[in-house]
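Quick notes on the structure that follows.
The values are calculated or read from the model by the stated rules, or taken from the named source; none is laboratory data. Since we're looking at a predicted model, the values are computed, not measured. Neighbour counts run over all protein chains shown; Cβ positions are idealised from the backbone, glycine included.
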Amino acid sequence: MNISILTGGGDCPGLNAVIRAVVRRARISYNWDVIGIRNGWKGLIEGEVEPLTMYAVSGILHRGGTILGTSRKNPTKSDDDIEQVRDNIRRYDIHAILAVGGNDTLSSALFFHKKGVPIVGVPKTIDNDILGTDFTFGFNTAVSIVTEAIDRLHTTAESHHRIMVVEVMGRHSGWIAVMSGIAGGADMILIPEVPFDIKKVCDKLMKRHERKKFSIVVVAEGAKPVGEDKHFTQDDKVDEFGNIRLGGIGQVVADQIEDITGIETRTTMLGHVQRGGVPSAYDRVLATRFGVAAVDAVNNKDFGKMVALRSENIITIPLEEAVLANKEVDMELYEMAEIFFG
């Protein structure tokens, strides 16, 4: 039996741990061959594949990124691409596909499942915004990176009596902002789920300034002011799934805070630093468990499903449930964070 694996969307710490786990489980437990599809769905359209041997995945557990490469290619945009996917599945004698990615990659997986292609999904995103799973791998690493950055910004903010605004990733959901903000002792956290009133933000910061002469504000890239629907974007470009490149809300918020409060305010945009580097121990273990469970799902012919973490257990859920919407921040968690604002 030949199974294949692809990694789509943004890169993420832990992807190589999944690839390694898939190859070892398939080879050792089932004596299956594993085909690596390069550069996400793009590789399946263009026929860019390579055999993944035990040697090929040796020593990759701790490496960030993905040895297979990735892309944001949408394989469902044209009939030609859909047919190319079908042709290459036949050409390389692929009996099942493991699609590792976020909502866009998994939506494409669901599309092909409905066309009769045997597929299992593996959730991957640093944003932790996929429904049906408690956590996605990569999230823990990203939160750790952002928390360390907040820790470092505390000392410079305090030394110069400044307000520091930290812009973090989180297009639809503010999980990174909330978790790192709580862990790093942020004085204000702005997330997509809760539109903010900049005057109320400044009021709290001014009251804090009477006691402490510095503040840290964490802003998710998808956060929006009350009454506004548009995100702040770097440019007008969109990827093939219609996602625009976000960025800039941190500077906008910093400028407004400085104008209203008169307190010097600086911005730090962490950007792709959140995606990079070695995965945390937690993410390595979670990714490994997902990889093993995905191969087992193929063995059980449990297709059209996604592996997921529920409590301490790895289960499978229908892909339809996973891509139904974005998982938003638990409001009880955010309300707890608000205790420490100002």
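Numbers for the structure displayed
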{"item": "Arg162 at pLDDT 95 or above and touching an Asp or Glu at 6+ places or on another chain (Cβ under 6 Å)", "result": "yes"}
{"item": "In the stretch 136-163, residue nearest to Val285 (Cα to Cα) [restricted to those that are of a type in the set (D, E, K, R) and touching a helix residue (DSSP H, G or I) at 6+ places or on another chain (Cβ under 9 Å)]", "result": "Glu148"}
{"item": "Subset of the stretch 49-100 that is in contact (Cβ under 8 Å) with a residue 40 or more places away in the chain, among the hydroxyl-bearing types (Ser, Thr, Tyr) and out of contact with any Lys or Arg (no Cβ under 6 Å at 6 or more places or on another chain) - its residue that is surrounded by the fewest Cβ atoms within 10 Å (Cβ to Cβ)", "result": "Tyr92"}
{"item": "Qualifying position, being buried (at least 24 other Cβ atoms within 10 Å of the Cβ), outside any loop (DSSP other than H, G, I, E, B), more than 12 Å from the chain's Cα centre (by Cα) and hydroxyl-bearing (Ser, Thr, Tyr), among Ser144, Ser108", "result": "Ser108"}
{"item": "From the options Ala322, Ala254, Ala308, Ala294, residue that is of a type outside the set (S, T, N, Q) and closer than 24 Å to His62 by Cβ", "result": "Ala294"}
{"item": "Residue within the stretch 33-49 that is part of a loop (DSSP other than H, G, I, E, B), under 16 Å from Met1 (Cβ atoms) and over 20 Å from the mean Cα position of the chain (by Cα) present", "result": "no"}
{"item": "Cross-chain or 6+ apart pairs with Cβ under 7 Å, the stretch 242-262 first and under 26 Å from Ser107 (Cβ atoms) and not assigned by TED's automatic domain parsing to the domain that holds Val219, then aromatic (Phe, Trp, Tyr) and assigned to a helix (DSSP H, G or I)", "result": "none"}
{"item": "Residue among Arg310, Arg284 that alone is crowded, with 16+ Cβ neighbours inside 10 Å, in contact (Cβ under 8 Å) with a residue 24 or more places away in the chain and in the same structural domain as Ile126 (by TED's automatic domain parsing)", "result": "Arg284"}
{"item": "Of the criteria (1) more than 20 Å from the chain's Cα centre (by Cα); (2) surrounded by fewer than 16 Cβ atoms within 10 Å (Cβ to Cβ); (3) outside the structural domain of Thr105 (by TED's automatic domain parsing); (4) touching a residue at least 12 places away in the same chain (Cβ under 8 Å), which one Glu332 fails", "result": "(4)"}
